[in-house]
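Some notes on the structure that comes next.
Just so it is clear, none of the values below were taken in a lab; they were calculated from the coordinates. Values in this document were obtained by computation on a predicted structure and should not be read as measured data. Here Cβ is always computed from backbone atoms with ideal geometry, including for glycine, and neighbour counts include all displayed protein chains.
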Amino acid sequence: MIIDVITIFPKMFSPVVGESIIKRAQSKGLVKINLHDLRDYTRDPHQKIDASSYGGGGMVFGPQPLFSAVEAVLGYKVYPPQKKDPQKRIVLFSPQGKKLDQKRVKKFLRFERLVLLAPRYEGVDERVVRYLAEEEVSIGDYVLSGAELAAMVFIDSVVRLIPGVVSDQESVKKESFENNLLDYPHYTRPENFRGLKVPKVLLSGDHKKIEEWRQKRALENTKRKRPDLLKK
Ligand code: ADE
């Protein structure tokens, strides 16, 4: 998968995409993340990328730099449309988008290329929303000062699901939100910590019993902490 990020703060991304699982995924060749500075694509002599809102109001990201950046990255005109490329998706991050959850994260795995638009939260010209972005994504019902963090959350959640990125794929299948259930409780050494003991069944070596216990606990956990998931 190739992920292109278009942002005015590419440096914000470097520490995140350059560490841990995402770093490893890139060195294994499973994903390539390209950071693009939006200001490199503006035709404004002062490298401005925003202007005041027509009709009054604050500043708004103009269409030209965003359209030019995406078209340079993809190598063809997006509007007027020249071709259909079902392998790519142009995603705009904003609080007005569809809310990201594990199910939506998985849907992005089928694309070979994702182009992520991560503007500051001051507003984006509506022509970008309608004619450039193919999908608008929000990471939750709150407002960030910019979409950079939202894009990083998105990248992390997608990249870890690419086959081969997390070495234990079975653990990915069993984690929270699979089948609308939260994860079961985990314990590790010591068996007895200040009198707090690990449930006996986990030490029994009886895999069938352990599996039953885990399923029961996952259901209990979900009922207690996130009953809304069970209604889905
Ligand atoms: N930009 C500002 N707030 C956001 C949010 N909640 N999700 C995605 N992008 C955003």
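Structural remarks
- For the range 73-156, DSSP calls about 10 percent of its internal beta bridges antiparallel.
- Note on the range 1-121: Cα convex hull, mean projected area over all directions, 9.2 nm².
- For the chain, built as a Gaussian network whose Cα springs stay under 10 Å, the top-fluctuating residue of Tyr121, Tyr54, Tyr184: Tyr54
- Karplus-derived 3J(HN,Hα), 6.51/-1.76/1.60, for each residue of the range 77-90, Hz, glycine and proline x: 6, 8, 9, x, x, 9, 8, 9, 10, x, 7, 10, 9, 9
- Rg [Å, one decimal], Dmax [Å, integer] - the chain, C-alpha atoms: 21.8, 71
- Across the cross-link table entries Lys103/Lys225; Lys103/Lys173; Lys83/Lys103; Lys103/Lys174, which are compared at the Cα atoms, the separations over 23 Å belong to Lys83/Lys103.
- Euclidean distance between Cα centres, the range 16-84 to the range 106-139, Å: 10
- Exposed-site-free run, longest, the chain (rule: GluC sites (Glu not before Pro); DSSP loop; at most 15 other C-beta within 10 Å): 20-111
- ³J(HN,Hα) computed for each position of the range 141-155 - Karplus, 6.51 cos²θ - 1.76 cosθ + 1.60, integer Hz, glycine/proline x: 7, 7, 10, 8, 6, x, 8, 4, 5, 4, 5, 5, 4, 4, 4
- Computed over the Cα atoms of the range 174-230, the ratio of the radius of gyration to the Kirkwood radius (Rg/Rh) comes to 1.03.
- Subset of Lys48/Lys107; Lys106/Lys231; Lys32/Lys84; Lys23/Lys48 violating a 24 Å alpha-carbon distance limit: Lys48/Lys107; Lys23/Lys48
- Label zone at Thr188, where the point sits 7 Å out along the Cα-to-Cβ direction: the range 153-168 residues whose backbone N lies under 16 Å: 167-168
- Residue among Ala151, Ala51, Ala25 with the largest mean-square fluctuation in a Gaussian network model of the chain, springs linking Cα atoms under 10 Å: Ala51
- Residue among Lys28, Lys106, Lys83 with the largest mean-square fluctuation in a Gaussian network model of the chain, springs linking Cα atoms under 10 Å: Lys83
- Helix 63-74 axis, angle to the chain major axis (alpha carbon atoms, nearest 10°): 60
- Cα gyration tensor, the range 67-173 - rounded (a/c under 1.5), prolate or oblate: oblate
- Neighbour net charge for Lys231 - beta-carbon separation under 15 angstrom, K R +1, D E -1: +4
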